[in-house]
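The values are calculated or read from the model by the stated rules, or taken from the named source; none is laboratory data. Since this is a predicted model, take the numbers as computed values, not measurements. A quick note on method: Cβ atoms are made from the backbone with ideal geometry, for glycine too, and the neighbour counts reach across all protein chains shown. What goes into the accessible areas is simple: the full protein's heavy atoms, side chains included, and nothing from ligands, DNA or RNA. Shrake-Rupley method; radii C 1.70, N 1.55, O 1.52, S 1.80 Å.
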Amino acid sequence: MSDTNVEPASFAFTEENLAQAAKIIAKYPEGRQQSAVMPLLDLAQRQGDGWLPRVAMDYIADLLGMPPIRVYEVATFYTMYNLKPIGRHHVQVCTTTPCWLRGSDEVLGACKKHLGIEVGETTEDGLFTLAEVECLGACANAPMMQIGDDYYEDLDAELTVRVLEALKRGETPKPGPQTGRRRGSEPEGWQPSATQAAPGTAGGNDAA
């Protein structure tokens, strides 16, 4: 569970988030409102600077009319929920097999060296928290890392440091592939046209 030394005394949704919570709950059939627990936990985490104190989980349990232990079970099962404070930028490096084969060790190593922290730690200035995570679903663009809601893909050590340095300067690096050699998950170097399909797709020419 979260660190009791930094637990706030209370939690309540802001007026804006309470209205958003009502919209989320309304998506579920009558009697199934407790199914909204995951998006409400996410909403609470965003309001709480990226982490979920116990009072926020208790608040959601009361809002949904469910035992607090059931909310704790969800929050402690999914790694998307942070049960202790994190830095402004939550750097999550995928090290599952596709990313590992494409060099995630280099990406994670660059993060550790450049930020001066290990996995699970936060920089002294409170800017970065480093995490090692399982598959984030961007295998075609491996290796990659997620920072906040953005994916940074096709990384190596140099490109990883470039992203981190931009964040340090208060900038927002452009998400997606970082090499500049492709758009989205298209094959590198492929230039789309009205008559040409991407290699490997229906109508595409793999011979090239």
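Eight or more residues apart or on different chains, and alpha-carbon atoms under 25 Å: count the Lys pairs in the chain matching that. Don't jump to the answer; show the numbers that get you there.
Values: LYS84/LYS112; LYS84/LYS113; LYS84/LYS168; LYS112/LYS168; LYS112/LYS174; LYS113/LYS168; LYS113/LYS174.
Close lysine pairs under the 25 Å cut-off: 7.
Could you work out how far apart the two model spin labels at THR76 and ASP42 are, taking each label as a point 7 Å from the Cα in the direction of the beta carbon, and quote it in nm?
Between THR76 and ASP42, the simple spin-label model gives 2.3 nm.
Search the structure for amide H atoms under 5 Å from the amide H of HIS89, placed 1.01 Å from N in the peptide plane, and list their residues when 5 or more places away or on another chain.
PHE128, THR129
On a full-extension model of 0.36 nm per residue, what is the gain between GLU171 and TRP100, subtracting their alpha-carbon distance, rounded to one decimal in nm?
Net length gain for the segment: 22.8 nm.
Calculate what fraction, in whole %, of the accessible area of the chain sits on carbon and sulfur atoms when a 1.4 Å probe is rolled over the protein chains.
Details: 6000 of 12000 Å².
Carbon and sulfur atoms account for 50 percent of the accessible area of the chain.
Given R₀ = 41 Å, FRET efficiency for LYS27-ARG88 by Cβ-Cβ distance, to 0.05?
0.85
For the chain, with every protein chain kept in place, what is the accessible area per residue (1.4 Å probe, Å²)?
On the way: 12000 Å² over 208 residues.
That works out to 58 Å² for each residue.
Check LEU83: other-chain or 5+ apart residues with amide H under 5 Å from its amide H, H built from backbone geometry?
Hits under the 5 Å cutoff: LEU52.
Take ASP150, ASP105 and sort them by solvent-accessible surface of the protein heavy atoms, 1.4 Å probe, largest at the top.
Numbers: ASP150 50, ASP105 95 Å².
Descending order: ASP105, ASP150.
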